[in-house]
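Right, one structure below, let's go through it.
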Amino acid sequence: SRIYLVIRCILANSFFMSTRAQRVCQMNGCYANYMFAIKCVMKDRAYIVLATNLVMSMLYFGYLIRIFDQNLSSVSGKNFHSISNPVWLSIVTMTTVGYGDFFPLSTPSRIVGILCAFYGVYLVSLFVIALDSLLQFDQAEERAYDLICRLEDKEELKLEAVNVLTSAFRHRKAKMEFPDKKAFVLGKLKTFRKYLMNFQKIAKSIRGNYGSDNPSDRVRSEIEDLKGC
């Protein structure tokens, strides 16, 4: 209950529940209540709030397990007098690891363990959501990423085109200079066909990713657009 009162006091004195925030919320048809303040703090400082919440929860659940099970340590052989072992139990429970070296002994501590497991899954899911939102591109970053990928594909296509032309020239040269060495000429022909197949494969992949337009022309036009910015 004290932790709950401390959290309410912090939220009540935050900027998101100030008089100005209440007026802004009324103008936009919402209420500057505690839930609104929690959402704002989570959006503004998600990782700090989640990390603090995770550490405090581990300590709190570990403290509760120690209270309920410290008198049973002599019977079970598990040392719950020290705070480190109950905290370790709360950590492996909240992260759903469950090594099994320590486990709740009494019924109240088992109830605490159940609450600890559910709350740990909830916090871990919030971490995943926060990380996913952090890795999301905005509109400008999405355009930049798309253009960089196209430029990379263009460079790869250019290298394969050079390999195709070089192998074709070497095959023609070998055919003209060494007409009697059929194995040598055939080897040059196989090399040319290999590079040609790679070129066609890359070109087909680019057409599939960017449509039926010429990828080189599209990249060139977008580069010109960037130069004009």
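Any read-out appearing in this document is the output of simple, stated calculations on the displayed coordinates, not a laboratory observation. Because the structure is a prediction, the values reported are computed rather than measured. All Cβ positions, glycine included, derive from the backbone under ideal geometry; neighbour counts span all protein chains shown.
Let me have the relative contact order for segment 45-136, percent, based on Cα pairs under 8 Å that are six or more residues apart.
Details: 87 pairs, mean separation 30.0, N = 92.
Relative CO of segment 45-136 lands at 33 percent.
Could you grab the relative contact order for segment 1-44? Cα pairs under 8 Å, six or more apart, rounded to a whole percent.
Values: 23 pairs, mean separation 15.8, N = 44.
After rounding, I find 36 percent.
I need to check one value: relative contact order of the chain, counting alpha carbon pairs closer than 8 Å and at least 6 residues apart, in percent.
Values: 156 pairs, mean separation 28.2, N = 229.
Relative contact order for the chain comes out at 12 percent.
Calculate, for LYS201 and LEU151, the FRET efficiency according to 1/(1 + (r/R0)^6) with r their C-beta to C-beta distance and R0 22 Å; round to the nearest 0.05.
Values: r = 19 Å, r/R0 = 0.87.
So, using R0 = 22 Å, E works out to roughly 0.70.
Rounded to a whole number, what is D in µm²/s for the chain from Stokes-Einstein with the Kirkwood radius over alpha-carbon pairs (4 °C, 1.567 mPa s)?
Details: Rh = 24.7 Å.
Reported coefficient: 53 µm²/s.
Could you order the peptides 146-159, 77-90 from most to least packed, using the average number of other C-beta atoms within 10 Å per residue? Can you show the working numbers first?
On the way: 146-159: 14.4, 77-90: 17.7.
Going from most to least packed, we get 77-90, 146-159.
Treating cross-link reach as a plain straight distance, find the lysines whose alpha-carbon is under 20 Å from the alpha-carbon of LYS158, omitting any fewer than eight places away in the same chain.
LYS194, LYS201, LYS204
Return the distance in nm (one decimal) between the two label points of a simple spin-label model at MET56 and VAL121, each offset 7 Å from Cα along Cα→Cβ.
Rounded to a tenth, the inter-label distance reads 2.4 nm.
Viscosity 0.890 mPa s, temperature 25 °C: what is the translational diffusion coefficient of segment 1-44 from Stokes-Einstein with a Kirkwood Rh over Cα pairs, rounded to a whole number of µm²/s? Show your work: numbers first, answer last.
Numbers: Rh = 10.7 Å.
The diffusion coefficient I find is 230 µm²/s.
Compute the angle between helix 34-44 and the longest alpha-carbon principal axis of the chain, please, reported from 0 to 90 degrees and rounded to the nearest 10.
Between helix and principal axis, roughly 40 degrees.
What nm value, rounded to one decimal, do you get for the distance between ILE114 and ARG170 when each label is placed 7 Å out toward the C-beta?
7.2
Segment 107-174 to segment 14-39: how many Å between their Cα centroids?
So the separation of the two Cα centres works out to 37 Å.
For ILE67 and GLN26 in the same chain, what is the full-extension length gain: residue separation times 0.36 nm, less their Cα-Cα distance, in nm? Show your work: numbers first, answer last.
Working: separation 41, 0.36 × 41 = 14.76 nm, distance 4.62 nm.
Result: 10.1 nm gained on full extension.
If you add up the charges near PHE103, with Lys and Arg at +1 and Asp and Glu at -1, over every other residue whose beta carbon is less than 15 angstrom from its beta carbon, what do you get? Please list the in-between numbers first.
On the way: positive: ARG66, LYS78, ARG110; negative: ASP69, ASP101.
Value of the local net charge: +1.
Run the quick spin-label model on ILE129 and PHE178: label points 7 Å from Cα toward the beta carbon, then report their separation in nm to one decimal.
Once both label points are built, they end up 6.8 nm from each other.
At q = 0.12, 0.19, 0.27 Å⁻¹, what is the log10 ratio I(q)/I(0) for segment 7-84, with the Debye formula run over Cα points and no solvent?
Evaluating at q = 0.12, 0.19, 0.27 Å⁻¹ gives log10 I(q)/I(0) of -0.54, -0.81, -1.17.
Can you give the FRET efficiency for LEU5 and LYS43, using 1/(1 + (r/R0)^6), R0 = 25 Å, r = Cβ-Cβ distance, to the nearest 0.05?
Numbers: r = 24 Å, r/R0 = 0.95.
Plugging the Cβ-Cβ distance into 1/(1 + (r/R0)^6) gives 0.55.
Around PHE80, which amide H atoms from residues at least 5 apart in sequence, or from another chain, sit under 5 Å from its own amide H, with H modelled in the peptide plane?
SER73
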